[in-house]
1. When the stretch 78-119 is examined, which residues are found to be in contact (Cβ under 8 Å) with a residue 60 or more places away in the chain and of a type in the set (Val, Ile, Thr)?
2. Which residues, counting only those in the stretch 71-99, are assigned to a loop (DSSP other than H, G, I, E, B) and surrounded by 17 or more Cβ atoms within 10 Å (Cβ to Cβ)?
3. Given (1) in contact (Cβ under 8 Å) with a residue 24 or more places away in the chain; (2) over 18 Å from Ala216 (Cα atoms); (3) touching a strand residue (DSSP E or B) at 6+ places or on another chain (Cβ under 7 Å), where does Leu58 come up short, assuming only one miss?
4. If you take the residues of the stretch 28-42 that are at pLDDT 95 or above and either touching a Lys or Arg at 6+ places or on another chain (Cβ under 7 Å) or part of a loop (DSSP other than H, G, I, E, B) (or both), which of them is surrounded by the fewest Cβ atoms within 10 Å (Cβ to Cβ)?
5. Report yes if Ser138 is of a type outside the set (D, E, K, R), closer than 30 Å to Ser153 by Cα and loosely packed, with under 13 Cβ neighbours inside 10 Å, otherwise no.
6. Confirm whether Glu96 is in contact with a helix residue (DSSP H, G or I) (Cβ under 9 Å, 6 or more places away or on another chain) and of a type in the set (D, E, K, R).
7. Looking at the stretch 56-70 only, could you name the residues that are farther than 28 Å from Val187 by Cβ and assigned to a helix (DSSP H, G or I)?
Amino acid sequence: MKYYVIIVAAGSGKRMNSATPKQFLLLDSRPVLMHTINAFYHSDVHPDILVVLNEQYLDFWAGLCSQHNFTVPHKTIKGGTQRFDSVKNALTEIDEGTSIIGVHDAVRPLISNDLIKRSFKEAEKKGNAVPGIPSSNSLRQLTEDGSVALNRSRIFEIQTPQVFESGLLKRAYNQQYSDKFTDDASVVEKIGSKINIISGEPYNIKITYPDDVKIAKLLLKP
């Protein structure tokens with residue numbers, strides 16, 4: 001079976017309050033995105049790696065790769081207006097034959113080999129695999145009259161990689177974009193497919209705010 005991973009790195013990182021998008025910030029002397037690519041390249045799955053970048057940063061990324069002597073094989077693809085468009089652009093680069101495709105946030109650089117392997121193997125068996133961790137906090141949903149408590153035992157914080165059989169993912173991305181799409185699972189769910197949740201990892205954090213970089217540095221220490 002052929003494996004691919006689409007690493008989505010086309011975001012601007014506005015919440016980071018930095019002129020440099022978060023995927024290019026230094027983490028242990030290397031850009032975050034390089035750590036993410038390395039995680040998949042050195043995994044047991046060995047997927048072909050497709051990196052989706054904002055068009056204005058394609059040359060910038062090439063310069064970073066030269067500066068850091070980063071030679072891990074990967075293909076860069078121009079991103080779209082929305083994350084949906086970026087993933088769709090990457091899917092056009094994947095052959096029509098049956099394969100397993102993972103989609104991963106560029107700013108989750110601490111993904112483990114174990115989670116990568118479990119995600120791809122489970123998707124190969126069941127058609128899709130989406131990692132999540134149970135919520136550890138009490139949750140409330142706002143209502144017109146105030147708020148209502150939610151059963152946190154049935155609430156999961158969803159992570160990536162979200163992995164799918166290629167035909168399923170391509171069918172899902174043939175539909176029209178909706179602003180209700182929050183991730184690939186929501187896109188696939190919209191065409192009527194059930195989502196298979198597997199155990200995620202607490203350390204598989206998403207770098208979104210400045211303090212997240214500090215946390216990631218601590219977690220990288222042996």
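1. Val87, Ile94, Thr98, Ile100, Ile101, Val103, Val107, Ile111, Ile116
2. The answer is His74, Gly79, Gly80, Ile94.
3. (1)
4. Out of the qualifying residues, it is His42.
5. yes
6. For Glu96, the condition - in contact with a helix residue (DSSP H, G or I) (Cβ under 9 Å, 6 or more places away or on another chain) and of a type in the set (D, E, K, R) - is met.
7. Asp59, Phe60, Ala62, Gly63, Leu64, Cys65, Ser66, Gln67 - these are the residues of the stretch 56-70 that are farther than 28 Å from Val187 by Cβ and assigned to a helix (DSSP H, G or I).
So that you can scan it fast, the table gives a plain yes or no per residue for (1) charged (D, E, K, R); (2) closer than 30 Å to Ser29 by Cβ; (3) in contact with a strand residue (DSSP E or B) (Cβ under 6 Å, 6 or more places away or on another chain); (4) at pLDDT 95 or above:
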residue	(1), (2), (3), (4)
Arg154	yes, no, no, no
Ala185	no, no, yes, yes
Lys190	yes, no, no, yes
Ile197	no, no, yes, yes
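The values are calculated or read from the model by the stated rules, or taken from the named source; none is laboratory data. Note that the coordinates shown come from a computational prediction; the quantities given were computed from them, not determined experimentally. Neighbour counts run over all protein chains shown; Cβ positions are idealised from the backbone, glycine included.
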